[in-house]
Amino acid sequence: MDKAQMRRELKTRLMELTEYQRTTSSRKACEFLVDTDQFKRASVVMFYLALPHEIDITPAILHAWQKGKTVAVPKVSWQQRHMIPVEITSLETGADTEATALQNPVPGTPMPPEDIDLVITPGLAFDKKGHRLGRGGAYYDRFFNSNKLKACKFGFAFSQQIVENVPTDSHDKPMDFIVTETGVIKCE
């Protein structure tokens with residue numbers, strides 16, 4: 001199966017989840033995430049602003065703030081085709097849904113990639129080797145290829161998004177771990 005076919009199949013899987021499944025699974029996955037040693041040790045965590053059909057990371061963001069961690073999210077520059085991490089201090093700051101309906105924070109202080117300890121990464125599909133299938137813009141791929149970024153990389157997804165094999169390209173960087181509502185997978 002090629003990337004385009006896999007994207008279509010995974011989008012369908014996500015749309016088939018009920019609101020109850022989405023909410024319950026998101027909460028369980030967040031519990032597993034915040035219980036990892038990597039999360040507990042991290043001072044700066046880069047999350048993402050979830051779309052309605054994605055696994056909701058909000059409980060983990062709130063937990064991070066309660067523990068005194070710095071929270072960053074990606075801000076996408078559509079013209080330059082890259083993303084930069086920006087610190088946020090509230091989820092009530094508004095979001096700009098620009099060109100591709102991705103959540104893009106409006107305010108936020110830019111943060112150097114080298115300051116980030118842990119990156120929580122969304123995707124359409126992951127395999128147990130840590131390979132990730134995104135939405136096709138390669139924003140995370142370019143970000144992960146920065147020589148300044150030394151952070152541990154966690155994929156964050158519903159268990160329905162774990163597949164046998166994700167097609168990869170030479171520029172793809174694998175995740176170190178994947179977290180779902182069923183637990184934490186250490187990538188091979």
Taking the stretch 90-118, which residues are at pLDDT 90 or above and part of a loop (DSSP other than H, G, I, E, B)? Met111, Pro112, Ile116, Asp117
Those residues of the stretch 177-188 which are part of a loop (DSSP other than H, G, I, E, B) and surrounded by fewer than 19 Cβ atoms within 10 Å (Cβ to Cβ), in sequence order: Thr182, Cys187, Glu188
Only one of (1) out of contact with any strand residue (DSSP E or B) (no Cβ under 8 Å at 6 or more places or on another chain); (2) charged (D, E, K, R); (3) closer than 18 Å to Tyr139 by Cβ does not apply to Asp56, and that is (3)
Output for the stretch 153-176, where each listed residue is surrounded by fewer than 19 Cβ atoms within 10 Å (Cβ to Cβ) and not in a loop (DSSP other than H, G, I, E, B): Ser159, Gln160, Ile162
Which ones in the stretch 1-52 are under 20 Å from Trp65 (Cβ atoms) and of a type in the set (Val, Ile, Thr)? Val34, Thr36, Val44, Val45
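Does Leu51 qualify as being more than 23 Å from Glu114 (Cα to Cα), surrounded by 17 or more Cβ atoms within 10 Å (Cβ to Cβ) and of a type outside the set (S, T, N, Q)?
Numbers: more than 23 Å from Glu114 (Cα to Cα): yes; surrounded by 17 or more Cβ atoms within 10 Å (Cβ to Cβ): no; of a type outside the set (S, T, N, Q): yes.
No; evaluated as a whole, the condition is false for this residue.
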Looking only at the stretch 132-152, how many residues end up being closer than 21 Å to Gln5 by Cβ, in a loop (DSSP other than H, G, I, E, B) and touching a His at 6+ places or on another chain (Cβ under 7 Å)? 0
Scan the stretch 23-52 for residues that are assigned to a loop (DSSP other than H, G, I, E, B), touching a residue at least 40 places away in the same chain (Cβ under 8 Å) and not polar (S, T, N, Q) and report the count. 6
In the stretch 147-185, how many are out of contact with any helix residue (DSSP H, G or I) (no Cβ under 8 Å at 6 or more places or on another chain) and β-branched (Val, Ile, Thr)? 4
Unique match (being among the charged types (D, E, K, R) and modelled with pLDDT under 90) among Lys67, Lys28, Lys75: Lys75
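Would you check if Gly123 is touching a Gly at 6+ places or on another chain (Cβ under 9 Å), closer than 18 Å to Lys75 by Cα and free of Cβ contacts under 8 Å to residues at least 24 places away in the same chain?
Criteria not met by Gly123.
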Is it true that some residue in the stretch 156-169 is at pLDDT 90 or above and within 19 Å of Ile84 (Cα to Cα)? no
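The values are calculated or read from the model by the stated rules, or taken from the named source; none is laboratory data. Given the structure is predicted, the values throughout are model-derived calculations rather than measurements. Ideal geometry is used to build each Cβ from the backbone, glycine not excepted, and the neighbour counts take in all protein chains shown.
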